[in-house]
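Structure, as structure tokens:
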Amino acid sequence: MRTVNKVILMGYVGQEPKILTTQSGALIANLSLATSYKTGGKDGKPVNEVTEWHRLVAFSRTAEIIRDYVKKGSPLYIEGQLQTRSYDKDGEKRYTTEIVIRELSMLGAKEGGQKEQQTASAQGYAGGTEVYSNPRTSTSTNQNTEITDDDIPF
């Protein structure tokens, strides 16, 4: 039996992305994404907007793109997978669930008002749109994406 672990979100970056560098020099980007939906509005009930916050993490080239181009308030489309990891804080084991970004599309307008969409993904370069690999999750064999052992953060 096959299983699926896929998340698709479109929302707005909640705060400036936090960029970390590992001891080996690999980049890791941590950011939050807000998505919203409306409830109520029937039978005279007021319409309420509910906001959900999502923790995202990206590695290597995708983290570089986030560092260079993504800011608080940036609209993003992401595809990724859920990952739960543990860490110790004050001697207590804690858990967090985050979304590992496999594909990232920056939505919005360039300076000068032109509509822009740039994409970072595990698919490699694809016809006119910039697409970047996440070597941690990539299964692509595209020749335009060179990944060495130094690019992988683990």
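Every read-out reported here was derived from the displayed coordinates using simple, explicitly stated rules and does not represent laboratory data. Computed from a predicted model, the values in this text were never measured in an experiment. Glycine gets a Cβ as well: all are built from the backbone with ideal geometry, and neighbour counts include every protein chain shown.
Per-peptide packing, taken as the mean over residues of other Cβ atoms within 10 Å, places 54-62, 38-46 in the sequence 54-62, 38-46 from highest down. Stretching the chain fully between ARG85 and THR21 yields a gain of 21.2 nm (0.36 nm per residue, less the alpha carbon separation). Amide H contacts of GLY14: SER32, LEU33, ALA34, GLY73, each under 5 Å away and 5 or more positions distant or on a separate chain (H built 1.01 Å from N in the peptide plane; Pro and chain starts excluded).
Summary value for the stretch 1-109: 29 percent relative contact order, contacts being C-alpha pairs under 8 angstrom separated by 6+ residues.
All other residues whose Cβ lies under 10 angstrom from that of THR39 are scored, Lys and Arg at +1 and Asp and Glu at -1, for a net of +2. In sequence order, the stretch 76-81 has phi-based couplings of 10, 10, 10, 10, x, 9 Hz under the Karplus curve 6.51 cos²θ - 1.76 cosθ + 1.60, θ = phi - 60°, and Gly or Pro positions carry x.
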